[in-house]
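The values are calculated or read from the model by the stated rules, or taken from the named source; none is laboratory data. Note that this is a predicted model, so its numbers are computed, not measured. Every residue, glycine as well, gets a Cβ built from its backbone with ideal geometry; the counts of neighbours run over all protein chains shown. Just the protein is used for accessible areas: all its heavy atoms, side chains included, with ligands, DNA and RNA removed. Shrake-Rupley method; radii C 1.70, N 1.55, O 1.52, S 1.80 Å.
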Amino acid sequence: GHVVDAIQRGSGGTIVTPNIDICRRTDQDPSTRGLVDSASIVVPDGIPLLWAARLAGLPLVERIAGADLIYSLSEAAAANSWPIYVLGGMPGEDGKLGAAELAAERLAARYQGLPIAGAYSPPFPFDAKSGNIDDIREMLVQTQPKVVFVGLGFPKQERLIARLCGDLPGTWFVGCGAAIPIAAGQLNRAHPLVQRLGLEWLHRLVYEPRRLAKRYLVHDLPYAVWLLSNSAFGGRKAKQVDSARNPAEAERLPEGTPLGRS
């Protein structure tokens, strides 16, 4: 609703969907924190983040993944005849379409009347921090999409968005990670029950063990345990302090929890 209202007013913005891995990275590399803080909308992408918020006494309403946004916003764009642009994913080989082109085709087939402003999968590796993006900028300025889905992984996609959004003040940029290969049919999402159990990461690990094993098992899993334990401790401590100061306010939301930092 917020994005639709903003587009109707002619206002653009940016959306970031932090998950456990993004939270860990922003904790370890403060230079990436601004990429999240500067976003117009920040929504949690990961059931463990909802658990941590609940333990900290800061309940979040729901998980909103990039893989959900690419469909809901495309549906809204189709209903309003707003052009979208798909940017990211792996390029095609041997004359085959890249992930962005495939995703755009499938989204157009799924939502009748959805205008596709363009689709582009940058060659790998892609330097979103200081590389030449003149061609990408020119394509977007010429086509003037209302929504741009950028799937390059954090922080590449957010760095690219930061370099582009000033040239398109009426456009919404969505950092959506794996949503593009999912929309392209190259990746399958976990069953909804697996998602609700917070085990979608395990589903992805099974399908992409080489790429994700170290990230998930060595880095993200210990961080998730740390985040949950500190959120629980911080939430209890805050409630104890509030109860001591004013028993009537014992249920206030605590401040300064680990989740608040991430």
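Annotations for the structure displayed:
- Unit charges on C-beta of K, R, D, E only; dipole of the range 167-227, Debye: 240
- Mean-position separation - Cα centroids, the range 204-226 and the range 87-111, in angstrom: 27
- Inter-label distance, Arg137 to Leu197: 4.8 nm, where each label sits 7 Å from its Cα along the C-beta direction.
- Computed from Cα atoms, the angle from the helix 221-245 axis to the main principal axis of the chain rounds to 50 degrees.
- Spin-label pair Leu221/Ser130, simplified geometry with 7 Å Cα→Cβ offset, distance in nm: 3.7
- Residue of Gly177, Gly113, Gly95 that the Gaussian network model of the chain assigns the largest fluctuation, springs spanning Cα pairs under 10 Å: Gly95
- Between 0 and 90°, nearest 10: helix 66-80 axis offset from the chain longest Cα axis: 50
- Shape call, the range 12-81: gyration tensor on alpha carbons, a/c limit 1.5: oblate
- The range 83-189: C-alpha gyration tensor shape, a/c 1.5 cut-off, then a/b vs b/c: oblate
- Percent carbon-and-sulfur accessible area, the range 153-202, ignoring ligands, DNA and RNA, probe 1.4 Å: 62
- Each Cα pair under 8 Å and six or more residues apart adds its separation to the average, and for the chain the resulting relative contact order is 25 percent.
- Each label was represented as a point 7 Å from its Cα along the Cα-to-Cβ direction; for Ser81 and Asp94 these points are 4.2 nm apart.
- Three-way shape call for the range 1-135 based on the alpha-carbon gyration tensor, with the a/c threshold at 1.5: oblate
- The chain, accessible area per residue, ligands and nucleic acids excluded (1.4 Å, Å²): 51
- For the chain, the C-alpha radius of gyration divided by 2.2 N^0.38 Å, with N the number of residues, is 1.07.
- In the chain, taking the dipole from charged Cβ atoms about the Cα centre, the farthest positive-side position among Leu217, Ala109, Ala178 is held by Leu217.
- Debye, to nearest 20: dipole size of the chain, +1 on Lys, Arg Cβ, -1 on Asp, Glu Cβ: 720
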